[in-house]
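The values are calculated or read from the model by the stated rules, or taken from the named source; none is laboratory data. Note that the coordinates shown come from a computational prediction; the quantities given were computed from them, not determined experimentally. Because the Cβ atoms are built from the backbone with ideal geometry, glycine has one as well, and the counts that use them run over all protein chains shown. Only protein heavy atoms, including side chains, enter the accessible area calculation; ligands, DNA and RNA are left aside. Shrake-Rupley method; radii C 1.70, N 1.55, O 1.52, S 1.80 Å.
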Amino acid sequence: ADSQGRLLVAATRGGGDRTAALVERYSPSGRLDPSFGGGDGVVATDFGLPTSTEPATESGPSYSIQTFVYSVTVDSSDRIVLTGERANGTFWFKSHMYGRFEVYIGRLTAAGEADPSFSVGGVLTLPG
């Protein structure tokens, strides 16, 4: 919970070739908080990963761009801190996954936007 008693829930949203970190904020009474995100209380972010994917063909792999969230917390300034893993440019071929994985720490402002004062674009990535 943040300093105002609002609750946060984080999960991975989507599936297939594209996922994002999803954060929902609820008021102390248990309703989605319309002051968070785009007015619906929900934020989905991939912290600026590229958006193109390539589907699999009989002769080649499918490329996947995914962001998984594993934890969420709130700092003393009510900024939201997410940790997780990003699969950047990974691909599936013959039922095996290959590619580059990164561990990330991402920070959102209290309003739910990527925090530009944290690292680059609100996210710090480390080799996975």
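The table for this structure:
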quantity: Selection from the stretch 1-44 of residues that are assigned to a strand (DSSP E or B), of a type in the set (Ser, Thr, Tyr) and closer than 17 Å to residue 78 by Cβ; calculated: 26
quantity: Within the stretch 52-88, considering residues that are among the aliphatic types (A, V, I, L, M) and either open to solvent by 30 Å² or more (accessible area, probe 1.4 Å) or under 24 Å from residue 36 (Cβ atoms) (or both), the one modelled with the lowest pLDDT; calculated: 56
quantity: Flag if residue 32 is touching a residue at least 12 places away in the same chain (Cβ under 8 Å), open to solvent by 70 Å² or more (accessible area, probe 1.4 Å) and farther than 14 Å from residue 107 by Cα; calculated: no
